[in-house]
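Here is the structure we will look at.
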Amino acid sequence: MERFVRGIPKAELHLHIEGSLEPAMVFALAAKNAVRLAYPSIEALREAYRFENLQSFLDIYYAGADVLRTEDDFYLMTLAYLERAQHDGVVHVEIFFDPQTHTLRGISYAAVVQGISRALSQGQQRLGISYRLIPCFLRHLSAEDAMRTFEQALPLRKLIHGFGLDSSESGNPPAKFAEVFARARAAGFPVVAHAGEEGPPEYIQQALDILQVARIDHGVRCEADPALVERLARTQVPLTVCPLSNIKLKVFDRLEDHNLKRLLDRGLCVTVNSDDPAYFGGYIADNLLAVQQALHLSHADIAQLAANSIRASFLDQSEQAPLLARIDVYASAH
Ligand code: HPA
Ligand code: ZN
């Protein structure tokens, strides 16, 4: 099963590139950029990765991102992620980043995008991994700040393929960002939003109705509203679920309690992703294997999750078809 899970072609659609910054790289970049860290060693930093909820994680995650200073730092971080992803059978990635985390520290939007894009373009050429790049608005900041950040993205629009919404969910409903999302859609970008990670089903509904998202990031709290589950099954709006993240942030107590299998069996377009792999204890194959074991997923379930990840991506039909065919061939040969 482990070889099957690792080898099956798949897309990763919910990955914050700043969340792929491993403790060793935090220390290496801190030394290079003369940044003082609050932790004396790599081990001490890793020890600090015990979270009570989303906010306690975000505090450490934003502090970790402070070591990223130059275009080259973003390039090296992204390249390291792509090499890990290839090892896990990833053939397509849609990567999130948080521009405001960096522009607020005086780093230019262009340096961030160009560093990440340079790695993505090399990943396509050398590793055969296709990609999309999706900046997220930080929902704990104001709608006006999001609008200014959207405008900063426009000169770089050739390198950007959509917009997302992340950070502290509770108290920051999707409706707060109706205007900037309307502008992003009017400019031709597909949009996604984190909703129903800690927040209520109502936030998922707002993301669908007001932001008009193509996918819901997380969305696992939809189950509290049966009509919403029915809607997600009917419309096939995908959920990008992140099982190990949900355990680390205490959305579920134990992996055995996770609702991924129920949602899959209910016919929702569920995908499995790693969210912030350096913080949550595993990359995409680790996430798939962990839920496979905890929820007794079959080979057919794994193949379904892989096919869902391709269908849920922003690749067009002609790009999806050969990848879906590869999954079919792979699954029937195993
Ligand atoms: N939720 C919200 N914001 C985030 C996350 C997440 O899981 N990861 C990085 N930013
Ligand atoms: Zn996320």
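Annotations for the structure displayed:
- In the stretch 288-325, the residues that are charged (D, E, K, R) and closer than 26 Å to residue 244 by Cβ: 301, 311
Condition check ((1) in contact with a helix residue (DSSP H, G or I) (Cβ under 6 Å, 6 or more places away or on another chain); (2) part of a strand (DSSP E or B); (3) among the polar types (S, T, N, Q)) across all residues:
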{"residue": "94", "(1), (2), (3)": "no, yes, no"}
{"residue": "102", "(1), (2), (3)": "yes, no, no"}
{"residue": "112", "(1), (2), (3)": "yes, no, no"}
{"residue": "115", "(1), (2), (3)": "yes, no, no"}
{"residue": "119", "(1), (2), (3)": "yes, no, no"}
{"residue": "125", "(1), (2), (3)": "no, no, yes"}
{"residue": "135", "(1), (2), (3)": "yes, yes, no"}
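- Within the stretch 162-180, considering residues that are out of contact with any Pro (no Cβ under 8 Å at 6 or more places or on another chain), hydrophobic (A, V, I, L, M, F, W, C) and open to solvent by less than 20 Å² (accessible area, probe 1.4 Å), the one nearest to ligand 2 (Cβ to nearest atom): 177
- Screening the stretch 11-40 for residues that are within 20 Å of residue 133 (Cα to Cα) and in contact with a Leu (Cβ under 8 Å, 6 or more places away or on another chain) and picking the one that is nearest to ligand 1 (Cβ to nearest atom) gives 18.
- In the stretch 185-214, the residues that are open to solvent by less than 30 Å² (accessible area, probe 1.4 Å) and in a loop (DSSP other than H, G, I, E, B): 189, 196, 197, 199, 211, 213
- The stretch 249-292, residues that are open to solvent by 10 Å² or more (accessible area, probe 1.4 Å), within 19 Å of residue 51 (Cβ to Cβ) and not β-branched (Val, Ile, Thr): 250, 252, 253, 254, 255, 257, 281, 283, 286, 290
- Within the stretch 2-18, if we keep just the residues that are more than 16 Å from ligand 2 (Cβ to nearest atom) and of a type in the set (D, E, K, R), the residue that is least open to solvent (accessible area, probe 1.4 Å) turns out to be 10.
- Comparison of 118, 139 shows that the only residue that is away from ligand 2 (no atom under 16 Å from the Cβ) and more than 19 Å from residue 11 (Cα to Cα) is 118.
- Test: residue 164 is within 16 Å of ligand 1 (Cβ to nearest atom), touching a residue at least 12 places away in the same chain (Cβ under 8 Å) and not in a helix (DSSP H, G or I): yes
- The condition of being in contact with a helix residue (DSSP H, G or I) (Cβ under 7 Å, 6 or more places away or on another chain) and assigned to a helix (DSSP H, G or I) holds for only one of 177, 181, that being 177.
- The residues listed here are 294, 278; of these, the one that is in contact with a His (Cβ under 8 Å, 6 or more places away or on another chain) and of a type in the set (Gly, Ala, Ser) is 294.
The values are calculated or read from the model by the stated rules, or taken from the named source; none is laboratory data. These numbers come from a predicted model, not from an experiment. Counting neighbours? That spans all protein chains shown, and the Cβs are built from the backbone with ideal geometry, glycine included. Remember, those area values only see protein heavy atoms, side chains included, never the ligands or the DNA or RNA. Shrake-Rupley method; radii C 1.70, N 1.55, O 1.52, S 1.80 Å.
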